[in-house]
1. In region 43-56, is there at least one residue being surrounded by fewer than 17 Cβ atoms within 10 Å (Cβ to Cβ), at pLDDT 95 or above, under 19 Å from A76 (Cβ atoms) and not hydroxyl-bearing (S, T, Y)?
2. Within region 20-50, how many residues turn out to be of a type in the set (K, R) and in contact (Cβ under 8 Å) with a residue 40 or more places away in the chain?
3. Applying the selection to region 57-68, what residues are surrounded by 13 or more Cβ atoms within 10 Å (Cβ to Cβ) and in a loop (DSSP other than H, G, I, E, B)?
4. Hey, among the residues in region 1-42 that are modelled with pLDDT of 95 or more, outside any loop (DSSP other than H, G, I, E, B) and among the hydroxyl-bearing types (S, T, Y), which one's surrounded by the fewest Cβ atoms within 10 Å (Cβ to Cβ)?
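The values are calculated or read from the model by the stated rules, or taken from the named source; none is laboratory data. Keep in mind that what you see is a predicted model, and the values were worked out from it rather than measured. No Cβ is skipped: glycine too gets one built from the backbone with ideal geometry, and neighbour counts run over all protein chains shown.
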Amino acid sequence: MTKPTGAPDQPPYLRIVGELRRRITEGELAPGDRVPSTRQIAREWGVALATATKALTTLRLEGLVVARPRAGTVVATPATPAAPTAPARPRPRPRARGRGRGRARVPDRPPTRS
């Protein structure tokens, strides 16, 4: 089992996230490298599969890793700044149909029997 890193009062998934984040930022895990699987994390850290999944999900939401079909979870490539795009044109407001004066009138109906 890996030694806990970070504050001992942190939840286990945050300790795992911190360790994997450190490996990524220090270059130990390069872009495109496979990150340990959920099962590997659970075995190495002695945690439940749900905890390992939560750690990988947190890293994915932070943009540090991406899930690739048939390859597993890999370190994400650094995002390149996107070229500025033209602002979207506002959509025209739909016109009212009919007479254009509010809601259509519905004639009163006689009460129905139950």
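1. No, region 43-56 contains no residue that is surrounded by fewer than 17 Cβ atoms within 10 Å (Cβ to Cβ), at pLDDT 95 or above, under 19 Å from A76 (Cβ atoms) and not hydroxyl-bearing (S, T, Y).
2. Total meeting the criteria: 2.
3. L64
4. T38
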